[in-house]
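Below: one structure, written as C-alpha cells.
The values are calculated or read from the model by the stated rules, or taken from the named source; none is laboratory data. Just so it is clear, the model here is predicted, and its values are computed rather than measured. Please note: Cβ atoms are built from the backbone with ideal geometry, for glycine as well, and neighbour counts cover all protein chains shown.
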Amino acid sequence: MIKNYFKIAWRSILKNTGIFSLNIAGLAIGIASCLLITLFVVDELSYDRFNENADEIVRVVFKAKVNGEEMKEAVVMAPVAEALKSEFPEVVDATRLTNHYNPEFSFKNTSYRDSRFAYVDPNFFEIFTLPVVKGNINDPLKEPNSIVITEQEAKKYFGDEDPIGKILILEDENQQFKVTAVIEEVPKNSHFHFDIFASTEGYLPAQNSSWMNSEFYTYLLLKEGTSSENIEAKLPSIVEKYMGPQMKGEMGMTFSEFKKNNEIGLFLQPLTDIHLKSDFIASTQLEQGGDIKYIYIFSAVALFMLLIACINFTNLATAAASKRAKEVGIRKVLGSSKNQLIYQFLAESFIATTLAMLIAIVLFSLALPVFNDLAEKELPLNYLLQPNILLMLVCLIIIIGFLAGGYPAFFLSSFKPIAALKNKFSSSGESKNIRSGLVVFQFVISAGLILATLIVNQQMEYIQNKNLGYEKDQMLVLRETYLLGNKQNAFKNKIIRDPRVEHVTQSAFVPAGPSDNSMSGVFLQQEFKRRMFVYNVDEQYLPTMGMDLVAGRNFSKEYGSDSTNVIINERAAEILDFKEDPLGKSFIRDTHDGGQKLTVIGVVKDFHFKSLHQNIDPLIMLNNPYGGIIVRAKTANMSDLIKDLNATWISFNVNEPFSYSILDDSYNQTYRTEQKMGSILSIFAFLTIFVACLGLFGLVTYTAEQRFKEIGIRKVLGSSIPQIVALLSKDFLKLVLISFLIAFPICFYLMNKWLQEFAYRIEVGWQVFVMAALITFVIAFLTIAYKSIKAATANPVDSLRTE
Amino acid sequence: MLELNHIYKWVKAGGRRIFLLNDLSLKVESGEFISIMGPSGSGKSTLLNVIGMLDDFNEGEYYFLEEPVHTIKEKQRANLYKENIGFVFQAYHLIDELTVYENIETPLLYKNVKSSERKALVADILDRFNIVGKKDLFPAQLSGGQQQLVGIARALITKPKLILADEPTGNLNSKQGEEIMELFKELNEEGVTIIQATHSENNAEYGSRIIHLLDGSMVREKSETI
C-alpha cells in the first residue's frame, strides 16, 4: 500500500511538472535560506560555549554615571579580582587579562607587528578551556616573563623548531619572554583572540592597588549553582569598602558625597552573554561583538521564509484540488476511506518536501561562501553533518510535510464523491478565504521586509552623507609614522611639498577608526564638572580635518607655544556654562601631577568623533602633537599618492612596513554591523517576495484554468483583453493592498525602535511607504499580468470547444 | 436484495423544494437485471447514487441486504458498500495516472487484499476480459470501449453482489455498446444483480425489468415474462 502511495504521488508529480517545480523551487529556497540563517544564529549563540565552565564564568564590568556622563566599561580595576575572590566563598577563582594590542615581537632577525598580545594571570588557562598541546601543561605562566603562544604563532616565529624554551623579544620595551607552552588556536567563537599570552607575574600594573583605574578584564569562576545575582547584590558594599577610602584622594570628595549625585558600581556579566549582549564603550571591548537584536531579527526572517514557502505549498496544493477532485471521487467510489486518501496526499507532500530538502542542501552549499562573505563568518559546509543538525533536517521534513501537505490532504479527502466526480466542486468560499488569508500573510511579510530594507538603507545613506563636522573624504591616516622617530618631521615636510597634498597634521587622534583615546576630569572652581575627551593636536589639525571654529582662533605659532591654551567643542562650552562668551575663560584639567590651568582660545563646531549611535560628548583640544600624521589630499586618485608615499617611506630606511588607512573606510567600518544587516536583509527581502510571487503565479495559473471557459464566453460576448486581465488580477491585487495595511504599521513600529539606537537618525516619511508599496505592488502585478494576459489572449473557441 | 420505501430527495432552490426523487419505492431481488429509463433530469442517476450509497436522501427507508442504510453509521455504510457494490460510469472514470492493471487493482488495495492474491485476481480478470496485452497502458491510450471494459473489470474485481451502471454505453458506438451489454447479460446469468440507467430502448431490453422514471417518480414498470 505504501509503495502504491508513493507510486501515485510520483506519477501525479510528473503530470504537473510546471506547478510542481514552482512548488519545489519555493520550498527549496525557503529551506535553504532558513538553513543559512539557522547556521548563522547557532554560530552566534555558540560564542564562548567551548569553555567547559562556560556557565560558571562571569565577567566583572563597570558601570557609572558621573555628572550626567554614562560610563559602561568592560574593564575593571586591578585589585577587583583578588578582592572578590577573598570576599565571596562562591567565587572559586578569578583571573584577569589586559590587552596590549599588537606590539612588535622579534626572534633572531625576524620580527612581526601583528601578534595580538595580552597579559593574563597565571591561572588563566585553568578557567578558560584553551588546551596546551606542547610544553608545560600544568602551570605555564608561573614564572615572570613566561609566555604561552598559539600553534600558528609558534610556526610563524620558529618554523619547525621546537618553540618551548625559545626567547621572544618585545621590541618596544626590550623585554625577553620565554615560551613555556603552546596552545591550540583560540576558537573562532571566542570573545577574545590573542596569539601571545604573557604572565602577569612581575608585571607591575597587575600589582596596582588603585580602585580608580580600570584596565583589567576580570573573570570569576563561580561555584556550580551559584546565582550571580546574589553576588551582584552585595557588590555595592564591596565597592564602598575598597573604593571609598581611595576616593577622597582622587576626586576630592568622600564616597558618600560622590554617591549623592552619581552612580558607580560593579556588575557581573555571564561569559556567554559577552558576544551578543555587550554595550560597553568600544575602546574597552576586546572585540566588536554581535548583537542579540540581530539574532532575533534573523531568526524571525528565517521563520518567515519557511512559513512563506510552506504557505506556497499549501496554497498551490489546495488550488490544485479541483484538478484532483475527480481522482478523489473515483477513489472514494472504489472504496477508499478518508484516511487512506489523507495518507496518499501526505505521501505526495513528503516526497516533495524531501526533494525540496535535497535541492535546498545543494542551494545551501552554493550560497554558503557568499553568505560567509556577507556575514563575515567562516561557517564550514560540514556543519550540516552534525548529528543534531541532521536530526533537525529530518524533523524539518516531517514538520513541513505535515504543515504543507496537511491542509490539502484533509481538504481534498473530505470531498463528497458524487460532487467530486461531476466536478461540481468549485473552490468553496471557505477554502478561498483561507487561501486569500495565506496570500495576505505572505505579502505582509514581503512588504514588511521591503519597507524595513528601505528604511535601513535610508539610514545608512544618511550616515554616509551626514555632515560630520569634519571631512572624511580624501583623508589618509598614517598612524604608524611615529615609528620614524626624529625623522618624522622630515617625512612630514616631504609630504607637504607634494602638490597633490592639501594639508598635513600630526596627531594620534582620529574621529573614526583606530585612534588614541584620552579623557581627563575637568574642574571649574574646585568643582568636578565632567570627564572630557582630550585631543592632542597641532595647529594644522583643524584645517586638515576641515573642522570649523565657531568662535576664537586656532592654535598658532604666532602666539607662542599655546601650551596652556585650549580649544573646546560646543558641547564642552555648554557643560562648562561658557555659553555667552567662552573666550578667555579658564578651567582646570586633572593631570597626574595635580592640575593644569587651561584658557579657552577657541570653540570648535561639534563634530562626530564617536559613532552616530551616540550623542556628541564634550571634548577639549590641546596643542601637544604626537603620534602619526593625517594627510588631506587634493586628488581623488589616492592610490597613486599612496604608492608615492610608500616609496618615500622606504627611502627613509625604516624596518617597518608602510601602513595607512583611508578615513572614509574607517568611518564605514564603524557601521559594519548595520551595513551587514542591511545587505543580508535586502537579500532575504528579495527572496521572500520572489517566493511569494512564485506562489502567486501558481494561484493565478489555477484561477485562469478554472475560469478558462468563463474567459472564452466573455470574449465571445465582446470583452476586451484589458478587461479580462483586470478580471483575473483584481482579486489578487486587492489582497496585496490589504497586506500593506497590516504590514506597514507593524514594520513602522519596529523600524522606529531600531532607529532609536541612533542618536542621529532619519525621520521615516511617507515616501518610503509609497516606495515599498509600489515595489511590492509592481512585482505582484507583473507576476499576475504575465499569466492573465496569456489567458486573455487565448482563442475563445478553444476554451468553449472543450466542453 | 434491497428495498426502497417512499424515498424523497430534494434540493432547495429559491426557497422552493425541487424534488429529485419523489415518493419512490422499489424492491430488487437478488439476481435481477433492472433497467431504469427516463428523460434527462428524471432522477435516474440520483436513484443509482442513492442505491449505491454515494448520495443521501431526505426521507424514506432503505434496506440493503436487510441492513437499514438510513440509520447505520457512515463507516458501516462504507463497509457495506465496499463489500457488495460495484460501479460502472458513463465517463468510465478511470484514474488517468494509473495503468490498466493498477486501475483494476485499486479497489483491492482499499480492501487490504494481500499482494499475491491481488496479482492472481487481477490476472484472472484481465484474462477473462481479454485485455492482458493492455495491462501496462494508461487510460488515455485506450479506445472508449476498452476503457469501459477496464471500468467494468474494475467494478467486478471485488466480486460485488450488485453492479450499478450509469449509462454504461452512453459514450460508446453501437457495436461497442452491444458488446458491453452482452457482457452484462453474461454477468447477470452468473448471478450478479445489475441495475443500469439508460436512454436506449435497445439496451433497456437486456434487463429483466424496466422501470420508467419521470420527475423523480416511477411512472410504469414493465416486467419481462419469463
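If we scan the stretch A:573-587, do we find a residue that is within 22 Å of residue A:517 (Cα to Cα) and part of a strand (DSSP E or B)?
Yes, the stretch A:573-587 has at least one match.
Could you list, in sequence order, all residues of the stretch A:237-284 that are in contact (Cβ under 8 Å) with a residue 24 or more places away in the chain, within 38 Å of the chain's Cα centre (by Cα) and in a loop (DSSP other than H, G, I, E, B)?
Result: A:262, A:274, A:275, A:276, A:278, A:279, A:280, A:281.
What are the pairs with Cβ atoms under 6 angstrom where one residue, in the stretch A:221-236, is surrounded by 12 or more Cβ atoms within 10 Å (Cβ to Cβ) and the other, located anywhere, is in a helix (DSSP H, G or I)? Sequence gap at least six, or different chains.
These pairs meet every condition: A:221/A:56; A:221/A:127; A:222/A:56.
Look through A:539, A:570 and report the one residue that is in contact with a strand residue (DSSP E or B) (Cβ under 8 Å, 6 or more places away or on another chain) and surrounded by 20 or more Cβ atoms within 10 Å (Cβ to Cβ). Quick ask: steps written out before the conclusion?
Numbers: A:539 fails: surrounded by 20 or more Cβ atoms within 10 Å (Cβ to Cβ).
Step by step, each of A:539, A:570 is checked, and only A:570 is in contact with a strand residue (DSSP E or B) (Cβ under 8 Å, 6 or more places away or on another chain) and surrounded by 20 or more Cβ atoms within 10 Å (Cβ to Cβ).
Can you find a residue that is within 14 Å of another protein chain (Cβ to nearest Cβ) and either touching a Cys at 6+ places or on another chain (Cβ under 6 Å) or crowded, with 21+ Cβ neighbours inside 10 Å (or both) anywhere in the stretch A:308-320? Steps first, answer last, please.
Applying the first criterion (within 14 Å of another protein chain (Cβ to nearest Cβ)) to the stretch A:308-320 yields A:320.
Those left that are additionally either touching a Cys at 6+ places or on another chain (Cβ under 6 Å) or crowded, with 21+ Cβ neighbours inside 10 Å (or both): A:320.
Scanning the stretch A:308-320 turns up at least one residue that is within 14 Å of another protein chain (Cβ to nearest Cβ) and either touching a Cys at 6+ places or on another chain (Cβ under 6 Å) or crowded, with 21+ Cβ neighbours inside 10 Å (or both).
Based on what the data block shows, is residue A:342 β-branched (Val, Ile, Thr), within 25 Å of residue A:435 (Cβ to Cβ) and within 14 Å of chain B (Cβ to nearest Cβ)? Spell out how you get there, then give the answer.
Values: β-branched (Val, Ile, Thr): yes; within 25 Å of residue A:435 (Cβ to Cβ): yes; within 14 Å of chain B (Cβ to nearest Cβ): yes.
Answer is yes for this residue.
Within the stretch A:291-307, work out how many residues are crowded, with 19+ Cβ neighbours inside 10 Å and either assigned to a loop (DSSP other than H, G, I, E, B) or small (Gly, Ala, Ser) (or both).
2
Residues to consider are A:785, A:791; find the one that is in contact (Cβ under 8 Å) with a residue 40 or more places away in the chain, in contact with an Asp or Glu (Cβ under 9 Å, 6 or more places away or on another chain), over 30 Å from residue A:458 (Cα atoms) and not polar (S, T, N, Q). Spell out how you get there, then give the answer.
Working: A:785 fails: in contact with an Asp or Glu (Cβ under 9 Å, 6 or more places away or on another chain).
Answer to the selection: A:791.
If you take the residues of the stretch B:35-61 that are touching a helix residue (DSSP H, G or I) at 6+ places or on another chain (Cβ under 7 Å) and in a strand (DSSP E or B), which of them is nearest to the other protein chains (Cβ to nearest Cβ)?
Filtering first and then ranking leaves B:36.
With respect to residue A:11, is the statement that it is modelled with pLDDT under 90 and among the charged types (D, E, K, R) true? Reasoning before the result, please.
Details: modelled with pLDDT under 90: yes; among the charged types (D, E, K, R): yes.
Answer is yes for this residue.
Checking the conditions here, which among A:729, A:788, A:720 is loosely packed, with under 13 Cβ neighbours inside 10 Å and of a type in the set (Gly, Ala, Ser)? Spell out how you get there, then give the answer.
Details: A:729 fails: loosely packed, with under 13 Cβ neighbours inside 10 Å; A:788 fails: loosely packed, with under 13 Cβ neighbours inside 10 Å.
Step by step, each of A:729, A:788, A:720 is checked, and only A:720 is loosely packed, with under 13 Cβ neighbours inside 10 Å and of a type in the set (Gly, Ala, Ser).
What strands (runs of 3 or more DSSP E) completely inside the stretch A:591-697 contain at least 2 residues that are of a type in the set (Val, Ile, Thr), in the same structural domain as residue A:729 (by TED's automatic domain parsing) and in contact with an Asp or Glu (Cβ under 6 Å, 6 or more places away or on another chain)? It would help to see each step written out before you state the result.
Values: elements: A:594-604, A:619-623, A:629-633.
Output list is empty.
If the Cβ limit is 6 Å and pairs must be 6+ apart or interchain, which residue in the stretch B:164-177 that is small (Gly, Ala, Ser) pairs with which residue that is crowded, with 21+ Cβ neighbours inside 10 Å?
B:165/B:88; B:165/B:196; B:177/B:169
Looking at the structure I just gave you, is residue B:112 more than 11 Å from every other protein chain (Cβ to nearest Cβ) and modelled with pLDDT under 90?
Values: more than 11 Å from every other protein chain (Cβ to nearest Cβ): no; modelled with pLDDT under 90: yes.
Criteria not met by residue B:112.
Return the pairs, sorted by first residue and then second, in which the second residue is assigned to a helix (DSSP H, G or I) and exposed (fewer than 13 other Cβ atoms within 10 Å of the Cβ), the first residue lies in the stretch B:123-152 and is touching a residue at least 24 places away in the same chain (Cβ under 8 Å) and of a type in the set (Gly, Ala, Ser), the beta carbons are less than 9 Å apart, and the residues are 6+ apart or on different chains.
If the second residue must be assigned to a helix (DSSP H, G or I) and exposed (fewer than 13 other Cβ atoms within 10 Å of the Cβ), the pairs left are B:145/B:175.
Can you find even one residue in the stretch A:207-215 that is in contact with a strand residue (DSSP E or B) (Cβ under 7 Å, 6 or more places away or on another chain), aromatic (Phe, Trp, Tyr) and part of a strand (DSSP E or B)?
no
Which condition does residue A:279 not pass, out of (1) farther than 22 Å from residue A:56 by Cβ; (2) surrounded by 15 or more Cβ atoms within 10 Å (Cβ to Cβ), if it passes all the others?
For residue A:279, the failing item is (2).
Go through the stretch A:3-45 and report how many residues are away from every other protein chain (no Cβ under 14 Å) and either exposed (fewer than 15 other Cβ atoms within 10 Å of the Cβ) or among the hydrophobic types (A, V, I, L, M, F, W, C) (or both). Spell out how you get there, then give the answer.
The initial filter retains those residues of the stretch A:3-45 that are away from every other protein chain (no Cβ under 14 Å), namely A:18-19, A:21-45.
Those left that are additionally either exposed (fewer than 15 other Cβ atoms within 10 Å of the Cβ) or among the hydrophobic types (A, V, I, L, M, F, W, C) (or both): A:18-19, A:21-22, A:24-25, A:27-29, A:31-32, A:34-37, A:39-42, A:45.
Result for the stretch A:3-45: 20.
For residues in the stretch B:94-103 being within 10 Å of chain A (Cβ to nearest Cβ) and part of a helix (DSSP H, G or I), which is nearest to residue B:80 (Cα to Cα)?
Step one: filter the stretch B:94-103 for residues within 10 Å of chain A (Cβ to nearest Cβ), giving B:94-99, B:102-103.
This time we only want the ones that are part of a helix (DSSP H, G or I), so: B:102-103.
Working: B:102: 23, B:103: 22 Å.
Filtering first and then ranking leaves B:103.
Of the residues A:464, A:459, which is within 28 Å of the chain's Cα centre (by Cα) and either crowded, with 17+ Cβ neighbours inside 10 Å or within 16 Å of residue A:629 (Cβ to Cβ) (or both)? Spell out the reasoning first.
Values: A:464 fails: either crowded, with 17+ Cβ neighbours inside 10 Å or within 16 Å of residue A:629 (Cβ to Cβ) (or both).
Checking each option against the conditions leaves just A:459.
State yes or no: is residue B:38 over 30 Å from residue B:136 (Cβ atoms) and not aliphatic (A, V, I, L, M)? Working first, answer last.
Details: over 30 Å from residue B:136 (Cβ atoms): yes; not aliphatic (A, V, I, L, M): yes.
Yes, satisfied.
In this structure, does residue A:359 turn out to be more than 14 Å from every other protein chain (Cβ to nearest Cβ), surrounded by fewer than 21 Cβ atoms within 10 Å (Cβ to Cβ) and under 23 Å from the mean Cα position of the chain (by Cα)? Break it down into steps so the answer makes sense when it comes.
Working: more than 14 Å from every other protein chain (Cβ to nearest Cβ): yes; surrounded by fewer than 21 Cβ atoms within 10 Å (Cβ to Cβ): yes; under 23 Å from the mean Cα position of the chain (by Cα): no.
So residue A:359 fails the test.
Residues are listed down the side, and each one gets a yes or a no for (1) among the polar types (S, T, N, Q); (2) in contact with a helix residue (DSSP H, G or I) (Cβ under 8 Å, 6 or more places away or on another chain); (3) within 24 Å of residue A:777 (Cα to Cα); (4) modelled with pLDDT under 90:
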site: A:703; (1), (2), (3), (4): yes, yes, yes, yes
site: A:712; (1), (2), (3), (4): no, yes, no, yes
site: A:727; (1), (2), (3), (4): no, yes, yes, yes
site: A:737; (1), (2), (3), (4): no, yes, yes, no
site: A:744; (1), (2), (3), (4): no, yes, yes, no
site: A:747; (1), (2), (3), (4): no, yes, yes, no
site: A:750; (1), (2), (3), (4): no, yes, yes, no
site: A:761; (1), (2), (3), (4): no, yes, no, no
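Only one of these is in contact with an Asp or Glu (Cβ under 7 Å, 6 or more places away or on another chain) and assigned by TED's automatic domain parsing to the domain that holds residue A:772: A:734, A:709. Name it.
On the way: A:734 fails: in contact with an Asp or Glu (Cβ under 7 Å, 6 or more places away or on another chain).
After applying the criteria, what remains is A:709.
Do you know which of the residues in the stretch B:62-75 that are part of a loop (DSSP other than H, G, I, E, B) and of a type outside the set (D, E, K, R) is farthest from the other protein chains (Cβ to nearest Cβ)? Talk me through it step by step, then tell me what you get.
Initial filter on the stretch B:62-75 (part of a loop (DSSP other than H, G, I, E, B)): B:65-66, B:69-73.
Next cut, of a type outside the set (D, E, K, R) only: B:65, B:69-72.
Numbers: B:65: 17, B:69: 16, B:70: 18, B:71: 20, B:72: 16 Å.
Only one residue fits best here, namely B:71.
Of everything in the stretch A:451-474, what is under 18 Å from residue A:675 (Cβ atoms), in contact with a helix residue (DSSP H, G or I) (Cβ under 7 Å, 6 or more places away or on another chain) and assigned to a helix (DSSP H, G or I)? Give them in sequence order.
Once the filter is applied, which keeps residues that are under 18 Å from residue A:675 (Cβ atoms), in contact with a helix residue (DSSP H, G or I) (Cβ under 7 Å, 6 or more places away or on another chain) and assigned to a helix (DSSP H, G or I), the stretch A:451-474 yields A:452, A:453, A:454, A:455, A:456, A:457, A:458, A:459, A:460.
From the list B:78, B:91, which residue is over 13 Å from the mean Cα position of the chain (by Cα) and either within 12 Å of another protein chain (Cβ to nearest Cβ) or in a helix (DSSP H, G or I) (or both)?
Numbers: B:91 fails: over 13 Å from the mean Cα position of the chain (by Cα).
None of the other options fit; the residue is B:78.
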